[in-house]
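Below: the structure, in C-alpha cells.
The values are calculated or read from the model by the stated rules, or taken from the named source; none is laboratory data. For clarity, every value in this text was computed on a predicted model and none was experimentally measured. Surface accessibility is based on the protein's heavy atoms, side chains included, excluding ligands, DNA and RNA. Shrake-Rupley method; radii C 1.70, N 1.55, O 1.52, S 1.80 Å.
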Amino acid sequence: GDVDEDRDIDIIDALLVAQYYVQLDPPGYTAPWEMGDTNCDGDVDIVDALLIAQTYVELEPSAWCG
C-alpha cells in the first residue's frame with residue numbers, strides 16, 4: 001500500500017494508484033506498481049486505491065492482503 005515508499009500509507013498512495021489505473025502515469029513515480037496490489041489479485045486497480053484510502057481513514061479494509 002505504501003506505493004510512494006515514504007513509510008506511510010496515506011491518501012497520496014491512493015491517489016497514485018488511482019492515477020495509474022486511469023493511465024495518467026504519475027510523474028516522478030519509480031517504485032514497482034506491485035506495491036499497490038493491496039488485495040493480491042495480480043492487478044493494480046481502483047479497488048486497490050479504495051483499500052488504501054480506507055486504511056488511511058482508519059477503516060478496516062476486508063480485502064487487504066498485505
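Per-residue surface analysis assigns L51 an accessible area of about 10 Å², computed on protein heavy atoms at 1.4 Å probe radius. Taken one residue at a time, the phi angles of the stretch 15-22 give Karplus couplings (6.51, -1.76, 1.60, θ = phi - 60°) of 5, 4, 5, 4, 5, 4, 4, 8 Hz. Gly and Pro are set to x. Only one of the listed values, [x] 12.0; [y] 11.4; [z] 11.7, was derived from the coordinates as Kirkwood radius over Cα pairs in Å; which label is it? It is the value labelled [y].
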